[in-house]
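Read through the structure below, which is laid out as structure tokens, and then see the notes.
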Amino acid sequence: MQTIAAVQKQRRIGSVQFLPVNLFASVMGISGLSLAWRQASKLFGTSPVIADIIGIVAVLMFIALSIGYISKWVLYPQKVVGEFTHPIIGNFFGTITIAILLLSSVLGTYSQVIGQTVWIIGTATTLVLSFVFVSRLLKGNQEPGNAVPAWLIPVVATLDVGVAGGTMPFPWAHEINLLCLAIGGIIALVLFIMIASRLIHHAPMPAGLTPSILIMIAPFEVGFLSYTNFMQQIDQFASILFYFGLFLFTVLFFKVFKKSVPFGASWWGVSFPMAALSNAALKYAMFVNSWLLIAIAAVILALLSIVLIVLFIRTLNILFNGKLLRG
């Protein structure tokens, strides 16, 4: 039996049954921040220790969230099934596979074997998840109002395969990367048009989903990173992807970052798109070697770092005051 102290603690902090799957987006964002600071050490000469520390935080957060969500799966399986089958929330399961793929890049800095193993696991789960969700969409009878930016997550995950493993040494890796680039590129384009149409012609999304609008830049910036990793060059097509994503970020930034949008776990949805933009900006600035693009990359990296620090602190705050894990 639970002690009185344990019951009081659970009431104060909440229950694991209310752990939101979209919190894995925090691992995506923090992993992306680590990779961005790794690139910054090449462009600006900053210490790689910064990237190391952030990478450790990302790994620890993934372990903690995995333990929590597996516990939820074991203790409250109906809750997990309910989330997975939900037409909107279910798409956030893609944050788990993207987190695994990005962690493969973080860990690969220290051990190629570990990085490659994690990448294989992330690639396999990403392809399975993409198959499941695309099949689900093609069953038909989808509500137009459900066409939200979260639809892009399982698809963008396939683009992240190339971001994390564009130079994997396996003889079969080239075709797998090409397959994932094809899946992610084509389906993301189709879904982007559907989501843009919903945002234009239908009522605004609920306040809780507003931060996820920023996910719309992910196909372009992640596409830029995946395409350039695969091609091992930056051409004009890659430049178009980068610049459109940058323009879209500028447009959406003022729609997302408003005081009227309440804080919650969904705010982590802004972290990875911004991290992808930061990594793309740093890579493009090193290629062009223009003072303006270098300045833009520096501003985006600083903005990303500030946003993630604020999100991290505010998430800890709602965790310990009981708001995060309460239904």
Can you find even one residue in region 109-123 that is under 15 Å from the mean Cα position of the chain (by Cα), closer than 30 Å to residue 295 by Cβ and surrounded by 14 or more Cβ atoms within 10 Å (Cβ to Cβ)?
no
Residues of region 253-282 being among the charged types (D, E, K, R) and in a helix (DSSP H, G or I), which ones?
255
Specify which of the listed residues (47, 105) is touching a residue at least 12 places away in the same chain (Cβ under 8 Å) and either in contact with a strand residue (DSSP E or B) (Cβ under 7 Å, 6 or more places away or on another chain) or within 30 Å of residue 293 (Cα to Cα) (or both).
105
Does residue 85 qualify as being surrounded by 16 or more Cβ atoms within 10 Å (Cβ to Cβ) and not acidic (Asp, Glu)?
no
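Every residue, every condition in (1) hydrophobic (A, V, I, L, M, F, W, C); (2) open to solvent by 50 Å² or more (accessible area, probe 1.4 Å), yes or no:
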| site | (1), (2) |
| --- | --- |
| 220 | yes, no |
| 227 | no, no |
| 240 | yes, yes |
| 245 | no, no |
| 251 | yes, yes |
| 255 | no, yes |
| 264 | no, no |
| 267 | yes, no |
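Yes or no, residue by residue, for (1) surrounded by 12 or more Cβ atoms within 10 Å (Cβ to Cβ); (2) farther than 21 Å from residue 229 by Cα; (3) free of Cβ contacts under 8 Å to residues at least 60 places away in the same chain:
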{"position": "284", "(1), (2), (3)": "yes, no, no"}
{"position": "293", "(1), (2), (3)": "yes, no, yes"}
{"position": "304", "(1), (2), (3)": "yes, yes, no"}
{"position": "311", "(1), (2), (3)": "yes, yes, no"}
Looking at 167, 123 in this structure, which one is polar (S, T, N, Q), under 30 Å from residue 232 (Cβ atoms) and part of a helix (DSSP H, G or I)?
123
Find all pairs meeting these conditions: Cβ atoms under 7 angstrom apart; at least six residues apart or on different chains; first residue within region 116-129 and closer than 18 Å to residue 171 by Cβ; second residue among the hydrophobic types (A, V, I, L, M, F, W, C) and part of a helix (DSSP H, G or I).
119/101; 119/164; 123/161; 123/176
When you scan region 171-183, do you find a residue that is in contact with a helix residue (DSSP H, G or I) (Cβ under 9 Å, 6 or more places away or on another chain) and either closer than 18 Å to residue 246 by Cα or not in a helix (DSSP H, G or I) (or both), even just one?
no
Checking 150, 99 in turn, the sole residue that is open to solvent by less than 20 Å² (accessible area, probe 1.4 Å), within 24 Å of residue 59 (Cβ to Cβ), of a type outside the set (Val, Ile, Thr) and assigned to a helix (DSSP H, G or I) turns out to be 99
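For region 202-239, enumerate the residues that are among the charged types (D, E, K, R) and either at pLDDT below 90 or within 17 Å of residue 273 (Cα to Cα) (or both).
Of everything in region 202-239, just one residue is among the charged types (D, E, K, R) and either at pLDDT below 90 or within 17 Å of residue 273 (Cα to Cα) (or both), namely 221.
The values are calculated or read from the model by the stated rules, or taken from the named source; none is laboratory data. Everything numeric here is computed off the predicted structure, so don't read it as measured data. FYI the Cβ positions are ideal-geometry reconstructions off the backbone, even for glycines, and counts take in every protein chain you see. Protein only, heavy atoms only, side chains kept; ligands, DNA and RNA dropped before computing areas. Shrake-Rupley method; radii C 1.70, N 1.55, O 1.52, S 1.80 Å.
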